Amino acid sequence: MSNSANIEGGLRERKRAATRQAITTAARSLTAAHGLSGFTVEEVCEQAGISRRTFFNYFHTKEDAVIGAFSDELPHDALETFAANPRREEGRISGTLLEALFRFTVDVVTRSTVSPTEIRQLIAAIAAEPQLLGRLTAEGEARERQFAELVAAREGLPVDHPEIVMAVAIFSAVCKKTNQTFFSEDNTTPYRELLARNLRAARALFDHSSDSFDTPSSDIPSSDTPEDRP
């Protein structure tokens, strides 16, 4: 493919992304102000500066427009880098997984076209129309399943392997907490720094734990002094 074709394709994608963002911004703004039933698709089109036909080229319903394009494909090069695992371990997750997850997530967020302003618009829209939360939750669950499949493929393990299940659950929880802070109005800390700090805090719990989970509680030494016991 020629350089001019690459440039043309890039410009076309940026134009599509800008149009999609304009539609979503208008839909969220109108939802926050009037609720989902308080405006029409035509009003979204007028505010976004597009035709009705263009709207339906991007979204099927007003609800879809409010949720926005959170299912955009992940960057291909970021996926390839994450999938490369030179230290795969038989029957368990590798020691490189956490670092790979960190780098992959930071890369995706840094390159995302979804801005903090858009996230705050979505939060305002959901506050005005709580039924959207169900739609957003369902999409989040679908994305977590896809994420689990991605991690399992990298590690060469079944998607229901206990270590895959817990790695995805724990990392997703840390990311959720990080996102809440990053997208807050008063945040000034870069995403990379927030995620690193939260991962270190979560890792501290396991660094200070022992392997005595399989030991019956009656066999675990008590921390009480003899004077404390009845």
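Structure data summary
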quantity	calculated
Accessible area expressed per residue, segment 132-195, with surrounding protein chains retained (probe 1.4 Å, Å²)	58 Å²
Accessible area of segment 52-207 belonging to carbon and sulfur atoms, whole % at 1.4 Å probe	55 percent
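The values are calculated or read from the model by the stated rules, or taken from the named source; none is laboratory data. The structure presented is a predicted model; accordingly, all values stated were derived computationally and were not measured. Protein only, heavy atoms only, side chains kept; ligands, DNA and RNA dropped before computing areas. Shrake-Rupley method; radii C 1.70, N 1.55, O 1.52, S 1.80 Å.
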